[in-house]
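K.L.:
Right, I'll just put the structure down here and ask away after.
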Amino acid sequence: MTLSIVRRAAAATMLFTALWYFSVPGNPDVRVCGFYWLTGRPCPLCGLTRALFALAKGHWAEAVHFNALAPLGCAMLFALFWNGRMRAWLWKGGVVAFAVYGVFRI
Amino acid sequence: MIPPMFCHKCGTQVSPDVQFCPTCGTSLAAGAGGLSSAPEIPWTPPAAVEVHAGRWISEGWDLVTADLGNYVLLALVFTVLSGAVPVILQGPMIAGLHIFTMKKLMGRRAEFADLFLGFNYFVPTLVASIVIGLFVFCGTLLCVIPGLVVAAMYKFTYLFIVDKRMDFWPAMQASHAVVKRDYVGFTLFLLLIVLVDILGALCCIVGIFVAIPVTFAAITVAYKEIVGFDPRTVDAL
């Protein structure tokens, strides 16, 4: 096992632990999304941060409520720590899925 | 009367009809013709890339502290001019900051005027700064993080324009080809760079004039390690 793989696994574990341990407000006072500020409608990624925190705690229903593609987003995020051919396919398909979801969401 | 000619490398006065400097042997044709019309240098993306963000920033810091006066002056002029004429001057001056560090890394004499050598690539750097700015803005609109990834994707663009004589779009693609080997690593590198700038700004604001050159030097160091400089570039500048 190379040092690179160990580092990646350690980083992924740290990320998961942080998502599991910490929490963010379900209804934040301030939203950082520029698209939401401009249009008053959620962007394709809105709710994804809250959904990732909920997913790490096993709250699937809550996560999907925040963003319906939260499991896909989670898979894409953790795939970043894996340098393989699957990652490119997952990201290409994921970007298209989020784009389509964004259109329906607006 | 024909004006006197000088070697652009060593400064020796040379006869207008010679092709190479009799003192240092540098080709005078490249210097006289400029680089804007020089052909693009073929380049193949590396198969694997290792991101060493901490070491790159550390080497950037060493470069800046070794010539603090020049670097602070460069950052000051860069900030003032970029603020005075937003958008138009930013791209060429970023290229100039990279050129200054490139010269240092190649053991050449770097001077304050190098900041303006980026104007030899005015059109591609200007268009690159506008296009990258638009992409980053659109990415930032979508809950910020995509904007960070896009900014990370294109941070070697100006170096490809200068070093490999690429136009703005091939340079952006080349930068992306490098960064896509490790999106996480390069995005973390970008976040570290932003952190350095924030820490600099927290040091009574003036610290930013040290932080800015450190970040550009770190990117140049990373480019040298991953892509490598074309040896002809610095001589021809």
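The values are calculated or read from the model by the stated rules, or taken from the named source; none is laboratory data. Please read these numbers as outputs of a predicted model, since none were measured by experiment. Virtual Cβ from ideal backbone geometry, glycine too; neighbours counted across all protein chains shown. What goes into the accessible areas is simple: the full protein's heavy atoms, side chains included, and nothing from ligands, DNA or RNA. Shrake-Rupley method; radii C 1.70, N 1.55, O 1.52, S 1.80 Å.
K.L.:
Out of (1) within 19 Å of the chain's Cα centre (by Cα); (2) within 14 Å of chain A (Cβ to nearest Cβ), what's the single condition that is false for B:A171?
P.N.:
Result: B:A171 fails condition (2) only.
Conditions tested, residue by residue: (1) open to solvent by 20 Å² or more (accessible area, probe 1.4 Å); (2) over 13 Å from the mean Cα position of the chain (by Cα); (3) at pLDDT below 95.
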residue	(1), (2), (3)
B:Y154	yes, no, no
B:G185	no, yes, yes
B:L188	yes, yes, yes
B:V194	yes, yes, yes
B:A201	yes, yes, yes
B:F229	yes, no, yes
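K.L.:
Across segment B:100-148, which residue is nearest to the other protein chains (Cβ to nearest Cβ) among those that are open to solvent by less than 50 Å² (accessible area, probe 1.4 Å) and of a type in the set (F, W, Y)?
P.N.:
B:Y121
K.L.:
Could you list, in sequence order, all residues of segment B:186-230 that are part of a loop (DSSP other than H, G, I, E, B) and touching a residue at least 60 places away in the same chain (Cβ under 8 Å)?
P.N.:
Listed by number, the residues that qualify are B:V227, B:F229, B:D230.
K.L.:
Sticking with this structure for a sec: What is the number of the single condition among (1) within 14 Å of chain A (Cβ to nearest Cβ); (2) within 18 Å of B:G91 (Cα to Cα) that B:A218 does not meet?
P.N.:
Just one mismatch for B:A218, condition (1).
K.L.:
Still on this model: Among the numbered criteria (1) touching a helix residue (DSSP H, G or I) at 6+ places or on another chain (Cβ under 7 Å); (2) closer than 30 Å to A:I5 by Cβ; (3) more than 14 Å from chain A (Cβ to nearest Cβ), which one does B:S58 miss?
P.N.:
Against the list (1) touching a helix residue (DSSP H, G or I) at 6+ places or on another chain (Cβ under 7 Å); (2) closer than 30 Å to A:I5 by Cβ; (3) more than 14 Å from chain A (Cβ to nearest Cβ), B:S58 comes up short only on (1).
K.L.:
Does A:A18 qualify as being closer than 19 Å to A:A79 by Cα and without any contact (Cβ under 8 Å) to a residue 12 or more places away in the chain?
P.N.:
yes
K.L.:
Only one of (1) open to solvent by 40 Å² or more (accessible area, probe 1.4 Å); (2) under 22 Å from B:A66 (Cβ atoms); (3) among the hydrophobic types (A, V, I, L, M, F, W, C) fails for B:M93. Which number is that?
P.N.:
Result: B:M93 passes all but (1).
K.L.:
Quick one: which residue in B:K164, B:K155 is basic (K, R), away from chain A (no Cβ under 14 Å) and in contact with an Asp or Glu (Cβ under 7 Å, 6 or more places away or on another chain)?
P.N.:
B:K164
K.L.:
Out of segment A:17-40, which residues are open to solvent by 100 Å² or more (accessible area, probe 1.4 Å) and in contact with a helix residue (DSSP H, G or I) (Cβ under 8 Å, 6 or more places away or on another chain)?
P.N.:
A:W20, A:F22, A:L38
K.L.:
Would you check if there is a residue in segment B:148-162 being in a loop (DSSP other than H, G, I, E, B) and not hydroxyl-bearing (S, T, Y)?
P.N.:
For segment B:148-162, residues in a loop (DSSP other than H, G, I, E, B) and not hydroxyl-bearing (S, T, Y): present.
K.L.:
Additional query: Determine whether B:K180 is of a type in the set (K, R) and in contact with a Ser or Thr (Cβ under 7 Å, 6 or more places away or on another chain).
P.N.:
Answer is no for this residue.
K.L.:
Restricting attention to segment A:69-86, does a residue exist that is of a type in the set (G, A, S), more than 14 Å from A:L19 (Cβ to Cβ) and open to solvent by 50 Å² or more (accessible area, probe 1.4 Å)?
P.N.:
For segment A:69-86, residues of a type in the set (G, A, S), more than 14 Å from A:L19 (Cβ to Cβ) and open to solvent by 50 Å² or more (accessible area, probe 1.4 Å): absent.
K.L.:
Let me ask you something else. So which helices (runs of 4 or more DSSP H) are wholly in segment A:1-88 and hold at least 2 residues that are within 14 Å of another protein chain (Cβ to nearest Cβ) and aliphatic (A, V, I, L, M)?
P.N.:
A:3-21, A:48-56, A:70-79
K.L.:
Are any of the residues in segment B:74-90 within 14 Å of B:T220 (Cβ to Cβ) and open to solvent by 20 Å² or more (accessible area, probe 1.4 Å)?
P.N.:
The answer is no, given that none of the residues of segment B:74-90 is within 14 Å of B:T220 (Cβ to Cβ) and open to solvent by 20 Å² or more (accessible area, probe 1.4 Å).
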